[in-house]
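Following: one structure in structure tokens, then a few remarks.
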Amino acid sequence: MAVTMEKANIDWKNLGFGYYKTDVRFVSDFKDGKWDEGHLTADENIVLNESAGVLQYAQTCFEGMKAYTTVDGHVVVFRPDLNAQRMYETALRLEMPPYPVEKFVKAVEQVVKANLKYVPPYGTGATLYLRPFMFGSAPVMGVKPSTEYQFRIFASPVGPYFKGGAKPITLKVSDFDRAAPRGTGHVKAGLNYAMSLHAIVSAHKEGYDENLYPDAKTRTKVEETGGANFFFVTGDNKVITPKSDSILPSITRRSLMYVAKEYLGLETEEREIMLEELKDFSECGLCGTAAVISPVGKIVDHGKEICFPSGMEEMGPVSKKLYETLTGIQFGKIKAPDGWIRVIE
Ligand code: PLP
Ligand code: COI
């Protein structure tokens, strides 16, 4: 049985999605061609050379996953091996030395164990967000990869990514591009997010919650938002999701499609989805670690409003079932497929 542990004095139910300093983080350095053993530290600050690769040419990438307190009091992490694998692939694309998958998962476990008092209690709706990241730390001047790197993981208790939690949100079809056809949209490079900042600030100013980025080449297909993948429900209850080489292969989306098919018996399909088709769908949602499942009520495409039949008040019925099943698995209420849940405590 899990040990009862004294929790930090936090108003868990009112947490937003923000940085909250916890006690311990993991650090490992890459130098002379190899990663060191790594260690835990209380120091949240990093001192860098002014010409570090990350500061000059944005050589940095990250991951995001969560630890949950389950209904029976255990602390678990959802599919950290997939985050480790994705970061490995991101590192290769950015000419960074990949951090070994097994060491990554072990470091995640250490960070959660060392911050147990920040894992939100079951039933509060909050979770412990884990942020692995890596950056070029040695000085560079010419445009080339750094020779030294640091890998870190910190933890932060978080609430819902979108204010209002399960209330449907409104998206704008962005005039900006997020990812080029042969660029870095399929990996979790910091640069993808830097270049989305102007687009998100502009969208917020205009009253939208997020951007829908169409494909950069033809601007006729649905890709993803700044921080989540899409899923749609068709009139005959099929769950579909965009197929593209320039979107992030979301772990939540991959899990959700499995859940839709294997747990709910729904038909699923990953295929190109045209902006033109949006008006035909009965439900639309975003999925991701931070977003969990966030219902979309309306998408505005240059003045043309697409309002989903599920409306602006609550999640549609299929999205709700998907949400309940996926979070049921994460919070230990529903039996998980083998290997999805790593028990920490
Ligand atoms: N797409 C983007 C651009 C993201 O930043 C994220 C967040 O990680 C996702 C999708 C969702 O991915 P995951 O479900 O693995 O968190
Ligand atoms: C995540 O869901 O983990 C993300 O990285 C999305 C966003 C916070 C960038």
Contact order normalised by residue count of the chain, Cα under 8 Å, 6+ apart, percent: 20 percent
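In the structure shown, do any of 188/217; 66/113; 106/163; 66/221 have a Cα-Cα gap over 25 Å, and if so which?
On the way: 188/217 20 Å; 66/113 13 Å; 106/163 33 Å; 66/221 30 Å.
Cα-Cα > 25 Å for 106/163; 66/221; rest within.
Nearest-5 percent of antiparallel DSSP beta bridges in the chain?
Numbers: 53 of 64 bridges.
Among the beta bridges of the chain, antiparallel pairing accounts for roughly 85 percent.
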About the Cα centre, charge dipole magnitude for the chain (Lys/Arg +1, Asp/Glu -1 at Cβ), debye: 240 debye
Derived scalar couplings ³J(HN,Hα) [segment 100-111; Karplus, 6.51 cos²θ - 1.76 cosθ + 1.60; whole Hz; x for Gly, Pro]: x, 4, 5, 5, 4, 5, 4, 5, 4, 4, 4, 5
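Quick check: residue separation of residue 46 and residue 279 times 0.36 nm, minus the Cα distance between them. What number comes out in nm? Present the calculation step by step, with values, prior to reporting the outcome.
Numbers: separation 233, 0.36 × 233 = 83.88 nm, distance 4.82 nm.
Length difference between fully extended and current span is 79.1 nm.
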Full-extension gain in nm, residue 5 to residue 19, via 0.36 nm per residue minus C-alpha separation: 2.8 nm
Residue 66 long-range amide H proximity, modeled H, under 5 Å: 78, 130
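Are there GluC sites (Glu not before Pro) in segment 190-247 that DSSP marks as loop and that have at most 10 other Cβ atoms within 10 Å, and which are they?
Values: sites: 206, 210, 223, 224; in loops: 206.
Here the sparse-neighbourhood loop sites are 206.
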FRET E, pair residue 217, residue 238, Förster distance 30 Å, beta-carbon r, rounded to 0.05: 0.70
Calculated on alpha-carbon atoms, Rg and Dmax of the chain in Å: 20.1, 58
Segment 303-332-segment 241-255 distance, computed between alpha-carbon centres (Å): 18 Å
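Looking at segment 66-156, which GluC sites (Glu not before Pro) are in a loop (DSSP not H, G, I, E or B) and have at most 15 other Cβ atoms within 10 Å?
Values: sites: 89, 95, 102, 109, 148; in loops: 95, 148.
Answer by residue number: 95.
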Inter-part distance where segment 60-75 and segment 87-147 are each reduced to a Cα centre, Å: 13 Å
Euclidean distance between Cα centres, segment 164-220 to segment 1-56, Å: 27 Å
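All of the numbers you see were taken from the coordinates with simple rules; none came from a lab. Being a predicted model, the structure only gives us computed values, none of them experimental. For neighbour counting, all protein chains shown are included, and Cβ atoms are generated from backbone atoms with ideal geometry for every residue, glycine included.
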